[in-house]
1. Please say if segment 165-217 is rounded, prolate or oblate, where rounded means a/c under 1.5 for a ≥ b ≥ c the square roots of the C-alpha gyration tensor eigenvalues, and otherwise the choice is prolate for a/b larger than b/c and oblate otherwise?
2. For a test of the definition: using alpha carbon positions, the gyration tensor, and the 1.5 limit on a/c, classify segment 65-157 as rounded, prolate or oblate.
3. How high is the FRET efficiency between residue 122 and residue 202 when r is their beta carbon distance and R₀ equals 22 Å, given to the nearest 0.05?
4. Sort 136-143, 70-77, 16-23 by the packing proxy (mean of other Cβ within 10 Å over each peptide's residues), most packed first.
5. Note down the nm distance, to one decimal, between modelled labels 7 Å out along Cα→Cβ at residue 217 and at residue 138.
6. Rounded if a/c is under 1.5, else prolate if a/b is larger than b/c, else oblate: which is segment 1-124, with a ≥ b ≥ c the root eigenvalues of its Cα gyration tensor?
7. Normalised by the number of residues in segment 98-207, what is the relative contact order in percent for Cα pairs under 8 Å and 6+ residues apart?
8. For the chain, what does -39500 (n - 2.57) per DSSP helix run (n ≥ 4), summed and divided by total residues, give at 222 nm, in deg cm²/dmol to the nearest 500?
């Protein structure tokens, strides 16, 4: 039996996340775009805290986690975005057309990969002493980011010109990947990538939730 997408009265969905999390930001932007703000309560989670209940809600201990009214916990961000789209009627941020859906999912996979590499770089610096940093490992992660951004600069995903059109899951992921590079890497990606800079400016102008979900730490 599939999930029940009906609204269960006063009961609300619960999102476990943290403001700096780019994957949590993907979910928060989607919630806003789909008009679900009034149906979600956000509760902070710390994946590094062994006593945080997020480890019970997601056995991997990772955020974000979305817990719906029947107690089902959805993770990771890609699954959550798909759930939210279906809950909202479907075809809004996950295209129904096969070619467009696959293009959006492929873009999301690329941008999530850029985020994974970026986060691993941050963790290397945060969790290991400077003298134990593995330069080859860092270069390996940096290469993923450089190649991914170069591919996106060469062909930025076109935002639909229609006023009421919503960005798709891939475009949401791209905005969060670029935003995370701004937050943790001082906006280093902006040098030499004018098309992506213009793309993000356009996205931010169209999607107020992008600024509203911006973390400062």
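1. Verdict is oblate for segment 165-217.
2. Numbers: a/c = 4.84, a/b = 1.53, b/c = 3.15.
Note, shape of segment 65-157 comes out oblate.
3. Values: r = 27 Å, r/R0 = 1.24.
For R0 = 22 Å, the calculated efficiency reads 0.20.
4. Details: 136-143: 12.5, 70-77: 16.6, 16-23: 20.9.
Packing proxy ranking, top to bottom: 16-23, 70-77, 136-143.
5. My value for the distance between the label points is 2.5 nm.
6. Values: a/c = 1.94, a/b = 1.08, b/c = 1.80.
Oblate shape, in that a/c is at least 1.5 and b/c is the bigger or equal ratio.
7. Rounded, it is 36 percent for segment 98-207.
8. Numbers: 8 runs with 112 residues, N = 217.
It comes out at -16500 deg cm²/dmol, rounded to the nearest 500.
The numbers here are math on the coordinates, done by the rules we state, and not lab data. Only a predicted model underlies this, so the values are computations on that prediction, with no experimental measurement involved. Note: ideal-geometry Cβ built from the backbone for every residue, glycine included; neighbour counts use all protein chains shown.
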